[in-house]
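Asker: Attaching a single structure in structure tokens format; questions to follow.
The values are calculated or read from the model by the stated rules, or taken from the named source; none is laboratory data. Only a predicted model underlies this, so the values are computations on that prediction, with no experimental measurement involved. In this analysis, Cβ positions are derived from the backbone assuming ideal geometry, glycine residues included, and neighbour counts consider all displayed protein chains.
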Amino acid sequence: MLNRSLKGWIALPLLAVSLSACKPENKFMPPPPAEISVAPPLQQQVAPFEVLTGNTVSFATVDLVARVEGFLTDIKYVDGALVKKGDTLFVIEQTMYKAKVKEADAGLAGAKAALVQAEAEFTRQETLLRQNVSAQATFDTAKAKRDSARANVENNEGNLIVAQTNLSYTTVLAPFDGIVSRHLITIGELVGNGVATKLATIVQLDPIYVTFNMSEQDVLQVRENLKERRLDVEELSKIPLSIGLMNEDGFPHQGFLNYVSPEIDATTGTILVRGLFSNPTRALIPGFFVRVKVPKGLGATASLLVPNRVIAEDQAGKYLLVVNKDNVVEQVRITTGQLLSGGLVVIKTGLKADDRVVLSTNSRAIPGGKVVPKPTTISAPPDGAAGATK
């Protein structure tokens, strides 16, 4: 009986060993390749440009002044209103100046009548002298009176012009379309008392200038891009410029180059440049800070663009991850160019048009690792939008 129990206890470990030997062996199963979004670089024509900071400047600003003395009798505009060229803005008392015009006109009429008489006497004395009836001295006297009468007419014509001009100065007109500032003189005040009295200021906003400064380095780069070509004034005026306000995306306002200073400021090492922009809605007012997109050459070149977010950098420089034909991730070294708004960067070297660029930024793409590429595309930047340069 004891022997039978002992045999049972001995058989149990043997059975356990036998069962364990029948279990399948555990093996490591690698995870499947990650699915990665890839796209070829966007191919687009990109012109070289620089983004600078400038200021809007009024096309014209004129102080309206009283050029004759008198009491201000009327103000015919609303402060800050848009006025048209030739609109009456201020009126100065006209009574005295109208009387001066009448006085000058009467003086001219009298001088003309005297001239008619003097010319008739001269003609008569000339005939008598030819007939040896009149003396030479009498003829000379008639000739002198005629010449004096002619001079008197011219003098009175000048007096009339002065009187008419002074009368015209009593009405202050808008010299161009623009916005008029608040009036500085009120009705009833004496103006023009010995000096020109400032009444208000008119500002022309359409078109409007934008001024900015380019560094000497930028100027040299532009010359290199133009291959030392010297542009005349007409060609300069065809070079497009774009600007954007600090709260605007891109560069929605379009204009043209208008002026380049003939010399570089030695104290700052910069050159003054000015652009001209249409401003029909008067959204731009003088004094705004603006971002100016300035072309650094003529024409555009075919470029490869990728999103700025997929560019990485280490101690060796900037690089991109691409997927090769075997669906293995590779690292390629690149050099970058301009940064366009919309988050795209121009790739100058290191990338080919048929490369599949890794767009996923979730760290699932590792150089040397195999992936499952998921084809997609890179969206183009908005028209006319651009940002800073690298």
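Condition check ((1) touching a Lys or Arg at 6+ places or on another chain (Cβ under 6 Å); (2) outside the structural domain of ASP218 (by TED's automatic domain parsing); (3) more than 24 Å from PRO240 (Cβ to Cβ)) across all residues:
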residue: ASN279; (1), (2), (3): no, no, no
residue: LEU321; (1), (2), (3): no, yes, yes
residue: LYS325; (1), (2), (3): no, yes, yes
residue: VAL332; (1), (2), (3): no, yes, yes
residue: LEU340; (1), (2), (3): no, yes, no
residue: GLY343; (1), (2), (3): no, yes, no
residue: GLY369; (1), (2), (3): no, yes, yes
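Yes or no, residue by residue, for (1) surrounded by fewer than 16 Cβ atoms within 10 Å (Cβ to Cβ); (2) modelled with pLDDT under 90:
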residue: GLU263; (1), (2): yes, yes
residue: ARG274; (1), (2): no, no
residue: LYS296; (1), (2): no, yes
residue: SER341; (1), (2): no, yes
residue: ARG364; (1), (2): yes, yes
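Asker: In this structure, does LYS370 turn out to be surrounded by 13 or more Cβ atoms within 10 Å (Cβ to Cβ) and either hydrophobic (A, V, I, L, M, F, W, C) or more than 41 Å from the chain's Cα centre (by Cα) (or both)?
Answerer: yes
Asker: Another one. Could you please give the count of residues in segment 115-156 that are over 30 Å from ASP105 (Cα atoms) and aliphatic (A, V, I, L, M)?
Answerer: So the count comes out to 5.
Asker: Of the residues that sit in segment 165-223 and are more than 20 Å from the chain's Cα centre (by Cα), within 30 Å of THR270 (Cβ to Cβ) and at pLDDT below 95, which one is surrounded by the most Cβ atoms within 10 Å (Cβ to Cβ)?
Answerer: Going through the qualifying residues, I end up with GLN221.
Asker: Among GLN204, GLN164, GLN131, which is without any contact (Cβ under 8 Å) to a residue 24 or more places away in the chain and not β-branched (Val, Ile, Thr)?
Answerer: When all the criteria are applied, what remains is GLN131.
Asker: Quick check, is LEU199 closer than 18 Å to VAL62 by Cα, touching a His at 6+ places or on another chain (Cβ under 8 Å) and not in a helix (DSSP H, G or I)?
Answerer: yes
Asker: While we're here: Could you tell me whether any residue of segment 66-82 is loosely packed, with under 11 Cβ neighbours inside 10 Å, at pLDDT below 95, within 59 Å of the chain's Cα centre (by Cα) and under 30 Å from LEU241 (Cβ atoms)?
Answerer: Yes: one or more hits.
Asker: Shifting gears a bit: Within segment 64-103, restricting attention to residues that are outside any loop (DSSP other than H, G, I, E, B) and free of Cβ contacts under 8 Å to residues at least 12 places away in the same chain, which residue is nearest to ALA283 (Cα to Cα)?
Answerer: THR95
Asker: Is it fair to say GLU119 is within 51 Å of the chain's Cα centre (by Cα) and touching a residue at least 12 places away in the same chain (Cβ under 8 Å)?
Answerer: No; evaluated as a whole, the condition is false for this residue.
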